[in-house]
Amino acid sequence: MENSALEKIHCLIIGSGPAGYTAAIYASRAGLNPVLYQGIQPGGQLTITTEVENYPGYPDGIQGPEMMVNFENQAKRMGTDVRYGLATKVDFSSHPYKVQIDEEKWIEANAVIISTGASAKWLGLESEQRLNGYGVSACAVCDGFFFKGREVAIIGAGDTAAEEALYLSKICSKIHMIVRKGEMRASKVMQDRVLNTPNIKVYWHNVTDEILGSTKVEGVRIKNTQTGEKQEIPVSAFFVAIGHHPNSDIFKGWLDMDEAGYLVTTPGTSKTNVEGVFASGDVQDKIYRQAVTAAGSGCIAALDAERWLSEKGLH
Ligand SMILES: Cc1cc2nc3c(=O)[nH]c(=O)nc-3n(C[C@H](O)[C@H](O)[C@H](O)COP(=O)(O)OP(=O)(O)OC[C@H]3O[C@@H](n4cnc5c(N)ncnc54)[C@H](O)[C@@H]3O)c2cc1C
């Protein structure tokens, strides 16, 4: 590493979703002079959705991309140095910590806040991409309410899919659950709850052939993997619940993570196993995955960073 390519800063925030920007607002106001790198998705996951109705403070709802511009402007107004760029490598072997940006420049920071989020896994169908935000969703808690009293489909067979199907069953009239195999990966108890819910119908041994509709979801065509038989089910929404991928690859070998790659933090804090490195938002939360919980944990990370820097006499 050449010294000429090394920039020394106080607090580095990686990621520009609700967690990163909230950490930035708090860190700026605490005088930590944060530098925030946005990554390849400035604004994070909410930039690929339409209406957000469950974030407090917006009584009439708001479009996801517009909300994230508000977050960014607020962070900038507080003094955050918001930059384009992707963290490509880290070196947490000694303090101050080093983070490489765009495979060239190195940043040296006293405290690092990781808010790199998670990405929903998708099936990869053209119709799924085209109708994303128009009835196709990867978040039942976020979007189920828009389809109150209507019939919807959900694909997935794990605990999250079972939980989301149960959540939807209390809002929607009927849930068509598409399961590839003859059983679910979900725990027995969750599976039993799904099977005992009268308005959930499970289609075993079925895959999604196509999501139907030109400008919004109007149905789904499924295919039985044993018989090859296809059938169309009229639905207003299609929920994809096949898992998430936390954006934590560059931290492998440095930070503790669970088997799925979610960063492990000390309960009730944002502290990782490396002191001075904090994690917030979906990259460390496989349960709640909401903008408001991500923002809340971004606040916690900034406060933890500020206290840690003070304790070390660095702030
Ligand atoms: C379609 C959809 C609709 C949703 N609707 C709602 C809703 O209505 N209400 C709600 O509360 N929640 C909703 N959610 C969930 C919500 O978007 C997430 O819980 C929230 O965005 C998580 O925030 P985050 O800051 O942890 O991460 P993210 O929003 O995932 O942002 C991660 C950020 O990290 C950056 N990044 C990643 N890797 C790097 C790297 N190596 N270097 C630099 N930057 C990096 C990315 O560019 C991105 O800016 C929805 C999610 C989806 C997918």
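The values are calculated or read from the model by the stated rules, or taken from the named source; none is laboratory data. Computed from a prediction, not measured in an experiment: that's the story for all the values here. Cβ sites come from the backbone with ideal geometry, for glycine too, and all protein chains shown count toward neighbours. Only protein heavy atoms, including side chains, enter the accessible area calculation; ligands, DNA and RNA are left aside. Shrake-Rupley method; radii C 1.70, N 1.55, O 1.52, S 1.80 Å.
When the residues of segment 66-82 are filtered to those that are open to solvent by less than 50 Å² (accessible area, probe 1.4 Å) and in contact with a strand residue (DSSP E or B) (Cβ under 7 Å, 6 or more places away or on another chain), which remaining residue is nearest to Phe251 (Cα to Cα)? So, considering only residues that are open to solvent by less than 50 Å² (accessible area, probe 1.4 Å) and in contact with a strand residue (DSSP E or B) (Cβ under 7 Å, 6 or more places away or on another chain), the one nearest to Phe251 (Cα to Cα) is Val82.
Being surrounded by fewer than 16 Cβ atoms within 10 Å (Cβ to Cβ) and more than 16 Å from Ile233 (Cβ to Cβ), is that true of even one residue in segment 160-171?
Kept after step one, since they are surrounded by fewer than 16 Cβ atoms within 10 Å (Cβ to Cβ), are these residues of segment 160-171: 170.
In the following step, the residues that additionally are more than 16 Å from Ile233 (Cβ to Cβ) were identified as 170.
Yes, because at least one residue in segment 160-171 is surrounded by fewer than 16 Cβ atoms within 10 Å (Cβ to Cβ) and more than 16 Å from Ile233 (Cβ to Cβ).
Taking the criterion of being in contact (Cβ under 8 Å) with a residue 40 or more places away in the chain, more than 11 Å from the ligand (Cβ to nearest atom) and of a type outside the set (S, T, N, Q), the residues of segment 231-261 that qualify are Ile233, Pro234, Val235, Ala237, Phe238, Ala241, Ile242, Gly243, Trp254, Leu255.
For (1) within 11 Å of the ligand (Cβ to nearest atom); (2) closer than 18 Å to Pro34 by Cα, each residue gets a yes or a no:
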| position | (1), (2) |
| --- | --- |
| Gly268 | no, no |
| Asn273 | no, no |
| Ala279 | yes, yes |
| Val283 | yes, no |
| Gln290 | yes, no |
| Ser297 | yes, yes |
| Ala302 | no, yes |
| Trp308 | no, yes |
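Scanning segment 173-194 for residues that are within 14 Å of Asn224 (Cα to Cα), outside any strand (DSSP E or B), open to solvent by less than 50 Å² (accessible area, probe 1.4 Å) and not β-branched (Val, Ile, Thr) yields one hit, Gly182.
At least 2 residues that are of a type outside the set (A, V, I, L, M) and buried (at least 20 other Cβ atoms within 10 Å of the Cβ) in each: list the strands (runs of 3 or more DSSP E) lying fully within segment 207-315 that qualify. Write out each step before concluding.
Numbers: elements: 219-224, 230-233, 237-240, 244-246, 277-279.
Correct list: 237-240, 244-246.
Whenever a residue of segment 130-146 is in contact (Cβ under 8 Å) with a residue 24 or more places away in the chain and open to solvent by 10 Å² or more (accessible area, probe 1.4 Å), its partners that are within 7 Å of the ligand (Cβ to nearest atom) and in a helix (DSSP H, G or I), lying with C-beta atoms within less than 8 angstrom and at least six residues away or across chains, give the pairs Asn132/Ile48; Gly133/Ile48. Selection of segment 1-40 for residues being in a helix (DSSP H, G or I), within 13 Å of the ligand (Cβ to nearest atom) and of a type in the set (Phe, Trp, Tyr) yields only Tyr21. Considering segment 135-153, the residues that are at pLDDT 95 or above and in a loop (DSSP other than H, G, I, E, B) include one that is nearest to the ligand (Cβ to nearest atom), namely Gly135.
Residues in segment 56-65 include at least one that is surrounded by 20 or more Cβ atoms within 10 Å (Cβ to Cβ) and more than 17 Å from Trp254 (Cβ to Cβ). For segment 108-127, the tally of residues that are assigned to a strand (DSSP E or B), away from the ligand (no atom under 14 Å from the Cβ) and surrounded by fewer than 20 Cβ atoms within 10 Å (Cβ to Cβ) stands at 1.
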